[in-house]
Amino acid sequence: MELITTPHLESPDDFYEALIETHSDLDNAESHALNARLVLLLANHIGSLDVLQQALQAARGGAR
Amino acid sequence: MKRRKPENIIPRVKALLAHSTMKDAEFELEWASVYTFACLRMDRFRHGRVIFAGDSAHGVSPFGARGANSGVQDAENLAWKLAAVVAGEAPDALLDSYADEREYAADENIRNSTRATDFITPKSEISCLFRDAVLELSKTQLFARTLVNSGRLSVPATLHGSTLNTPDAESFAGRMVPGAAASDAPITRPDGSAGWLLRELGTGFTALITEGSESEALARSIQVLDGLGTPVKVLRLRIGPRHRRYRPHRQRRRADAALRPAPWQRLPVPPRPARLRTLAQADRRPGQERRQARLGHRLKESRSWN
């Protein structure tokens, strides 16, 4: 299966707002920890190692 | 080293004991050192007439009971090969297969051991962050518990690339591929009594033949091998309907019991008594039935040529 990179979010603006809202009142360390838990939860939801590896590569592409 | 000082160690030990049933236990510090994990192996386990096994060949961290297990597996892999070569029944090259197979298995052990080590002692801040996230989630989320890696139990390596394997003529799914340790399965003997497959295997080569149109011809061709000085026990199996749902939970016995189709095809002189079991596929069943054939067997006939 291919990683979905075309628009797929039901409600992009609502999601983005909820994402930022979830981090409210957290310091940096707590936010990083939240993000890590979020990645793990989403990864489990996806399940497929192949898709996850595509996502890891796509994300890495934005870094050096 | 600061950490070796008794005044640093004793409070830590007391703190650990305080959370256990031994919280009031008295103890004395006998000896203190700093243990660091190390995973390493020799490039080659065979150097001519010198053969390396166990800790002399590879070292792993202690998670998963891999050090002692792999040492015993090295010895078991080597024993029958060395015996065959010393007795002049197999070429010297058979010993190279020991090195190839056990180097591969050592890599697998080291890979698993390193993963556990990295979980237990994260090497970077981000690694620590994810480890802690896993531990936090595992309190409430079942999926996260599968990521908690305090050492995976050692299981026999499947020797996919072994030089003793010959290619599969047909593709079949499942774990019983060439190079895999033989799994046990319940069987019914010709007299109707119940038994287990692994106990029916001989101490030398065993050919498992599933019943089919070509099984007679295959059994005859194995007799030819016997004439060349390789005793082969032949087990002919029929699938039993009552076994179709049977799934072995895990491999019960390793031995050096890799499934290898006809290794003698590769060896100019066949090795003789060997704890090597050979799976010979006689018929041309589709993959699905074939897998069932490996999980549940009905033993139709057992013969031994010696």
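The values are calculated or read from the model by the stated rules, or taken from the named source; none is laboratory data. No experiment lies behind these values; they were computed from the predicted model shown. Note that each Cβ is placed from the backbone with ideal geometry, even for glycine, and that neighbours are counted across all protein chains shown.
Quick notes on this one:
- Count of segment B:126-146 residues which are in contact (Cβ under 8 Å) with a residue 12 or more places away in the chain and at the interface with chain A (Cβ under 7 Å from one of its Cβ atoms): 1
- Residue count for segment B:79-104, restricted to those that are buried (at least 20 other Cβ atoms within 10 Å of the Cβ), out of contact with any strand residue (DSSP E or B) (no Cβ under 9 Å at 6 or more places or on another chain), of a type outside the set (S, T, N, Q) and part of a helix (DSSP H, G or I): 4
- Filtered residue count, segment B:148-162, keeping only those that are in contact with a Ser or Thr (Cβ under 8 Å, 6 or more places away or on another chain) and within 8 Å of B:Glu101 (Cβ to Cβ): 1
- Qualifying residues in segment B:149-161 (those that are more than 30 Å from B:Ala133 (Cα to Cα) and buried (at least 18 other Cβ atoms within 10 Å of the Cβ)) - the one modelled with the lowest pLDDT: B:Pro156
- Qualifying helices (runs of 4 or more DSSP H) (wholly inside segment A:9-64; at least 2 residues being within 12 Å of another protein chain (Cβ to nearest Cβ)): A:28-46
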